[in-house]
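Some notes on the structure that comes next.
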Amino acid sequence: MTLLATTVLTDLPPLPLWAWLAFFVFIAAMLALDLGVFHRGSNIVKTKEALIWCGVWSGLAFAFCGLLSVWRGGETAQQFLAGYLIELCLSVDNVFVFILVFAYFRVPQEWQHRVLFWGIIGAVVMRAIFILVGVSVLARFHWVIYIFGAFLIYTGVKMALAGNGEGDVDPEKNLAVRLFRRLFPVSPTMDGGKFFTIINGRRVATPLFIVLIVVESTDLVFALDSLPAVLAITQDGFVALTSNIFAILGLRSLYFALSGIMQLFRFLKIGLSVILIFIGVKMLIEYFQIHIGTTVSLSVIGGVLVTSVLASVLIKESPKAGHPGH
């Protein structure tokens with residue numbers, strides 16, 4: 001483990017230690033402010049409040065992008081912005097799954113914020129490990145980038161053909177959930193917002209903790225898409241990691257802002273599929289010494305994202321077959 005950590009750290013860009021420390025101290029302070037001050041105790045997050053926090057996290061991301069532009073140049077800032085937009089697109093897909101999971105377990109609205117908070121803490125840790133190890137692997141074995149490219153094309157095509165996938169979410173079939181149930185007792189009912197409770201003198205997990213396991217394991221699957229996508233844009237560990245974390249930290253607010261209007265963005269999944277296929281092709285054609293610059297990549301990502309959102313709003317959904325016409 002020590003050898004692996006040393007290898008990963010050796011392959012990181014030569015940035016001063018204070019840059020890493022300042023970033024993580026800032027993120028920890030914002031999370032403490034979010035949970036400890038603005039969301040203390042149980043409450044239902046209103047759409048207006050969620051939109052404000054979406055604006056806060058987006059504003060912080062763009063401010064950081066501006067800081068990178070001054071500190072390390074425009075190319076680095078563009079790489080951050082492209083990575084941020086890609087992860088934001090993937091986060092919207094996460095939101096759709098979270099809606100289904102919370103509905104499946106009938107999680108009250110006032111406890112959804114707590115589950116997402118701890119789920120996102122776990123996601124930050126997982127992404128940090130995945131990205132930093134991924135950067136180290138690509139630095140030593142560049143041919144892995146072609147595997148990543150092929151995987152992204154496969155994922156994009158599969159996503160485009162899968163539709164909305166309402167029937168694909170069955171948390172009880174989740175491998176992590178089944179393993180946990182074998183190792184630890186689970187109470188049949190919720191106990192407020194607690195993850196663990198005491199029944200007959202015995203400590204047991206509540207269904208809310210099972211929901212947290214599903215959220216964490218779902219993000220682990222999404223991270224498999226996120227890792228090659230962001231590393232196709234930049235192999236700078238600092239830029240890849242910070243762009244991912246800023247997008248993930250806004251995921252909780254994004255959920256509460258979009259959960260009631262997700263049907264308005266029905267073409268967003270198609271747009272995400274196009275973006276993943278584009279990035280996969282971008283990685284594969286490097287074999288032929290064809291390089292697509294960050295500016296072009298950013299334009300394509302932004303253009304597809306805007307087009308898919310506009311198409312979702314402007315193109316009315318046709319009535320489903322079987323519904324009476326009058």
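The values are calculated or read from the model by the stated rules, or taken from the named source; none is laboratory data. Computed from a prediction, not measured in an experiment: that's the story for all the values here. Positions of Cβ are generated from backbone atoms using ideal geometry, with glycine treated the same way; all protein chains shown enter the neighbour counts.
Here is how the numbers come out for the structure above:
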{"item": "Boolean, L138 is closer than 14 Å to L241 by Cα and of a type in the set (A, V, I, L, M)", "result": "no"}
{"item": "Residue pairs meeting the criteria (Cβ under 9 Å; at least 6 apart or on separate chains; first closer than 13 Å to K282 by Cβ and without any contact (Cβ under 8 Å) to a residue 24 or more places away in the chain, in the range 220-243; second crowded, with 21+ Cβ neighbours inside 10 Å and of a type outside the set (D, E, K, R))", "result": "none"}
{"item": "Filter result (in a helix (DSSP H, G or I) and either closer than 20 Å to A61 by Cα or in contact (Cβ under 8 Å) with a residue 24 or more places away in the chain (or both)) within the range 102-111", "result": "F102, Y104, F105, Q109, E110, W111"}
{"item": "Criterion: assigned to a helix (DSSP H, G or I), under 18 Å from the mean Cα position of the chain (by Cα) and surrounded by fewer than 22 Cβ atoms within 10 Å (Cβ to Cβ) - qualifying residue of I270, I275", "result": "I270"}
{"item": "Qualifying residue in the range 278-294 (condition: crowded, with 20+ Cβ neighbours inside 10 Å, in a helix (DSSP H, G or I), β-branched (V, I, T) and modelled with pLDDT of 85 or more)", "result": "yes"}
{"item": "Residue within the range 125-146 that is in contact with a helix residue (DSSP H, G or I) (Cβ under 7 Å, 6 or more places away or on another chain), basic (K, R) and assigned to a helix (DSSP H, G or I) present", "result": "yes"}
{"item": "Residue in the range 112-123 that is farthest from P188 (Cα to Cα), counting only those that are of a type outside the set (G, A, S) and surrounded by fewer than 19 Cβ atoms within 10 Å (Cβ to Cβ)", "result": "I121"}
{"item": "Filter result (closer than 16 Å to V92 by Cβ and either touching a residue at least 12 places away in the same chain (Cβ under 8 Å) or not in a helix (DSSP H, G or I) (or both)) within the range 295-318", "result": "I301, G302, V304, L305, T307, S308, V309, A311, S312, V313"}
{"item": "Complete set of residues in the range 147-163 that are part of a helix (DSSP H, G or I) and either hydrophobic (A, V, I, L, M, F, W, C) or farther than 15 Å from L276 by Cβ (or both)", "result": "I147, F148, A150, F151, L152, I153, V157, M159, A160, L161, A162"}
